[in-house]
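What follows is a short report on a single structure.
The values are calculated or read from the model by the stated rules, or taken from the named source; none is laboratory data. None of the values given here were measured: they were computed from a predicted structure. Every residue, glycine among them, receives a Cβ derived from its backbone with ideal geometry; neighbour counts consider all protein chains shown. Just the protein is used for accessible areas: all its heavy atoms, side chains included, with ligands, DNA and RNA removed. Shrake-Rupley method; radii C 1.70, N 1.55, O 1.52, S 1.80 Å.
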Amino acid sequence: MAVSAQSVAEPQDYKTDHYRGAVPVSLSGATVVDADAAFALWKTGRVAFVDVLPRAPKPDNLPKGTIWRDKPRASIPSAIWLPNVGYGGLADVTEAYFSAGLQQASSGEPDHPLVFFCLADCWMSWNAAKRALEYGYTHVFWFPEGTDGWVFEDYPVERVDPEPGY
């Protein structure tokens, strides 16, 4: 599956708007993987997969009696879902949530392999992978096709829930 019919130059800083669209073909310091390479990494059982798909929060001002249903997330089996950590700028609480999630996913080892993904043509995973590199993680993989590319190849998915603390 092609990531995008077009790509853009790798920016120096985080992408802070228009998160769905053509993405770069590279991320300095990270290894870019396609669906087959991501699947091969997943099959080893030694690589942590980090899903950063955003999730809309339940509105505080819903009228009494309104039923709220979170949209289910089908993701790569055993992936950790850290929603909303791929924005260009993070609030302190979101950054702390992301950092704690990466500590959990990596067992506190900065050289533990981490694969970041979202959907195809989504800057969230690029931003998250870039941020992980800045946190000092050394084996960062970016999977720009995300679950769209994964499902296209008919690889398995399972329902995941966001990590607590979000």
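For the range 96-166, the gyration tensor built on C-alpha atoms gives a prolate shape. Its axis ratio a/c (a ≥ b ≥ c) is at least 1.5, and a/b is the larger of a/b and b/c. Backbone phi angles across the range 67-72, fed through the Karplus curve with coefficients 6.51, -1.76 and 1.60 (θ = phi - 60°), yield HN-Hα couplings of 8, 10, 10, 5, 6, x Hz in residue order; Gly and Pro are listed as x.
Shape class for the chain, computed from the alpha carbon gyration tensor (a ≥ b ≥ c): rounded, with a/c under 1.5. Close amide H partners of R73, meaning residues 5 or more places away or on another chain with modelled amide H under 5 Å apart, are V160. Computed with a 1.4 Å probe over protein heavy atoms only, the accessible surface of the range 74-166 comes to 40 Å² per residue. The length gained by stretching the chain between A100 and T138 to full extension, at 0.36 nm per residue less their Cα-Cα distance, is 12.0 nm. Residues H112, H18, ordered by accessible area of protein heavy atoms at a 1.4 angstrom probe radius and largest first, appear as H18, H112. Positive end of the dipole of the range 40-166 (Cβ unit charges, origin at the Cα centre): among L41, I67, C122, the Cα lying farthest that way belongs to I67. Each Cα pair under 8 Å and six or more residues apart adds its separation to the average, and for the chain the resulting relative contact order is 34 percent. Dipole magnitude for the range 55-166: about 500 debye, using +1 per Lys or Arg Cβ and -1 per Asp or Glu Cβ, origin at the Cα centre.
Distance from the Cα centroid of the range 89-154 to that of the range 35-55 is 10 Å (rounded to whole angstrom). Whole-Hz Karplus values for the range 114-128 come out as 10, 10, 9, 8, 8, 10, 5, 6, 10, 6, 4, 6, 4, 4, 5 Hz, taken residue by residue from phi with 6.51 cos²θ - 1.76 cosθ + 1.60 and θ = phi - 60°; glycine and proline positions read x. Here the 3J(HN,Hα) profile of the range 31-46, calculated from phi with Karplus coefficients 6.51, -1.76 and 1.60 at θ = phi - 60°, is 9, 8, 10, 8, 4, 5, 5, 4, 4, 4, 5, 4, 5, 5, x, 10 Hz, Gly and Pro shown as x. Calculate the spin-label point distance for D111 paired with A9, positioning each point 7 Å from the Cα along the beta-carbon direction, and give it in nanometres. Result for the modelled spin labels: 3.5 nm.
Considering only the range 10-166, what is the antiparallel percent among its DSSP beta bridges, to the nearest 5? Counting DSSP beta bridges with both partners in the range 10-166, the antiparallel share is about 25 percent. Distant-in-sequence amide contacts of F49, defined by a placed amide H-H separation under 5 Å and a gap of 5 or more residues or a different chain, comprise I80, V115. Would you work out if the range 1-98 is rounded, prolate or oblate? Take a ≥ b ≥ c from the square roots of the eigenvalues of the alpha-carbon gyration tensor; rounded if a/c is under 1.5, else prolate when a/b is larger than b/c, oblate otherwise. Note, shape of the range 1-98 comes out prolate. Between K43 and E153, full extension at 0.36 nm per residue minus the direct alpha carbon distance yields a gain of 38.2 nm. Distant-in-sequence amide contacts of W142, defined by a placed amide H-H separation under 5 Å and a gap of 5 or more residues or a different chain, comprise T31, V32, V33, F116.
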